[in-house]
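To keep things clear, I will list the structure first and then write my remarks on it.
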Amino acid sequence: MKLDVGQSAEVSRRFPASDAAVFAGLAGMDALPEAVPQPLIGGLFSYLLGVRLPGFGTNYLKQEMRFLSPARFGETLTARVTITRLRPEKHLVDLETVCLGEDGRRVCEGRALVYVEDAVAA
């Protein structure tokens, strides 16, 4: 796959309130979360990196996330990853990661570093 700086991919997902009980049960929590749990938002980035950009064969090396605003159950969240730097000699790809609420507010921002065996710069 040919990768270029500025290339991006995004996915939108709505987490219904019923996901609160499912997550609490899986996590062994006594109380239901009031907002979409941060690991579910992180999972959106994992999906994008592993399936869309760079895609299959991507290996996570580092992920940094700053949560700026709670994500409400039932709202549409849009996660986006954007390539900010390519280091083809080391097979490394740096990406900006952003998740927006349906009103455009930043729920989460950060960056990811991944290893991609066949990363090719333009």
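The values are calculated or read from the model by the stated rules, or taken from the named source; none is laboratory data. Predicted model only: the values in this text are computed from it and were never measured. Every residue, glycine as well, gets a Cβ built from its backbone with ideal geometry; the counts of neighbours run over all protein chains shown. Accessible surface is based on the protein model in full, side chains and every heavy atom, while ligands, DNA and RNA are left aside. Shrake-Rupley method; radii C 1.70, N 1.55, O 1.52, S 1.80 Å.
Overview of results
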{"quantity": "Efficiency of FRET from Cβ geometry, Glu10 and Glu117, R₀ 30 Å, rounded to 0.05", "calculated": "0.80"}
{"quantity": "Exposure rank, largest accessible area first [Glu89, Glu34, Glu64; 1.4 Å]", "calculated": "Glu34, Glu89, Glu64"}
{"quantity": "Value of D in µm² per second that Stokes-Einstein yields for the chain, Kirkwood Rh from Cα pairs, at 10 °C (1.306 mPa s)", "calculated": "106"}
{"quantity": "Degrees separating the helix 38-47 axis from the principal Cα axis of the chain, which is the longest one", "calculated": "30"}
{"quantity": "Sites Ala17 and Phe56, calculated FRET efficiency, Cβ-Cβ separation with R0 35 Å, nearest 0.05", "calculated": "0.60"}
{"quantity": "Karplus-derived 3J(HN,Hα), 6.51/-1.76/1.60, for each residue of region 21-34, Hz, glycine and proline x", "calculated": "5, 4, 4, 4, x, 5, 8, x, 8, 7, 10, 7, x, 7"}
{"quantity": "For Glu102, residues with placed amide H under 5 Å, excluding near neighbours", "calculated": "Thr76"}
{"quantity": "In range of the label at Glu64: residues from region 72-94 whose backbone nitrogen is under 16 Å from the point 7 Å along Cα→Cβ", "calculated": "82-86, 93-94"}
{"quantity": "With DNA, RNA and ligands ignored, accessible area of Met29 (1.4 Å probe; Å², nearest 10)", "calculated": "80"}
{"quantity": "Under-5 Å amide H pairs with Arg85, H placed in peptide plane, nonlocal only", "calculated": "Asp94"}
{"quantity": "Thr78/Asp30 FRET efficiency (R0 22 Å; Cβ-Cβ; nearest 0.05)", "calculated": "0.10"}
{"quantity": "3J(HN,Hα) from dihedral phi, region 89-102, Karplus parametrisation 6.51/-1.76/1.60, rounded to Hz, x for glycine, proline", "calculated": "5, 10, 6, 10, 10, 9, 9, 7, 10, 9, 10, 10, x, 5"}
